[in-house]
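Student: Sending over a structure as structure tokens; questions will come in a sec.
The values are calculated or read from the model by the stated rules, or taken from the named source; none is laboratory data. Because the structure is predicted, anything quoted here is derived from the model rather than measured. Quick reminder, even Gly has a Cβ in these numbers, built from the backbone with ideal geometry, and neighbours come from all protein chains shown. We work out accessible area using only protein heavy atoms, side chains counted, and drop any ligands, DNA or RNA first. Shrake-Rupley method; radii C 1.70, N 1.55, O 1.52, S 1.80 Å.
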Amino acid sequence: MEENLNIPNIAVLELTVNNHPGVMSHICGLFSRRAYNVEGIVCIPMEGGATSKMWLQVNEESKLEQIIKQVNKLPDVVCVSRHDEGHRVFERVEALV
């Protein structure tokens, strides 16, 4: 069976972050400084607003481990998990496009 090489390998990083002004700017600044591309972002407050969940859709397979290490170093990032097969949070967004 022939593989379709045109399909991008998109992973989703799920971040739990402290929720205060500037957190999104710090995370986006990291991606900008390192020339990492973000395909999509979804962010919602959790736990009464003390923390937020962020899902970052990225197509940077060769740089993904480095991205995770650097995101983990940011002081407001509580935890990071990786979803290699995408995430359901983007399914509805993709259906709208």
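Student: Roll a 1.4 Å probe over the protein chains and send me the accessible area per residue for region 26-97 in Å².
Tutor: Values: 4680 Å² over 72 residues.
With all protein chains present, region 26-97 gives 65 Å² per residue.
Student: Of the listed values (1) 60, 34, 21; (2) 49, 29, 20; (3) 45, 30, 20, grab the one calculated as Cα extents along the principal axes in Å from the structure here.
Tutor: (2)
Student: Under the rule of at least 5 residues apart or a separate chain, name every residue whose amide H is placed under 5 Å from the amide H of GLU60.
Tutor: Placed amide hydrogens put ALA11 under 5 Å from GLU60.
Student: Roughly how tilted is helix 23-33, in degrees to the nearest 10 and between 0 and 90, from the longest Cα axis of the chain?
Tutor: 50
Student: Using the alpha-carbon atoms, what tilt in degrees (0 to 90, nearest 10) does helix 64-73 show relative to the longest principal axis of the chain?
Tutor: 0
Student: What does the charge add up to near HIS26, with Lys and Arg as +1, Asp and Glu as -1, over the other residues with Cβ less than 15 Å from its Cβ? Mind showing how you got there, number by number?
Tutor: Values: positive: ARG33, ARG34, LYS73; negative: ASP76.
Net of charged neighbours comes to +2.
Student: A follow-up question, please. May I ask you to give the percent of accessible area on the chain that is carbon plus sulfur, with a probe radius of 1.4 Å? Walk me through the numbers before you get to the answer.
Tutor: On the way: 3330 of 6510 Å².
Carbon and sulfur together cover 51 percent of it.
Student: Would you mind checking which residues have amide H under 5 Å from ASN19's amide H? H placed 1.01 Å from N; only 5 or more apart, or other chain.
Tutor: For ASN19, whose amide H was placed from the backbone, the distant partners under 5 Å are THR51, SER52.
Student: Next question. Report the net charge of residues surrounding VAL58, where surrounding means a beta-carbon distance below 13 angstrom and charges are Lys +1, Arg +1, Asp -1, Glu -1.
Tutor: On the way: positive: ARG34, LYS63, ARG82; negative: GLU14, GLU39, GLU60, GLU61, GLU65, ASP84.
Surrounding charge for VAL58 is -3.
Student: When the helices in the chain are scored as -39500 (n - 2.57) per DSSP H run of 4 or longer and the sum is shared across all residues, what 222 nm value do you end up with, to the nearest 500 deg cm²/dmol?
Tutor: On the way: 3 runs with 27 residues, N = 97.
It comes out at -8000 deg cm²/dmol, rounded to the nearest 500.
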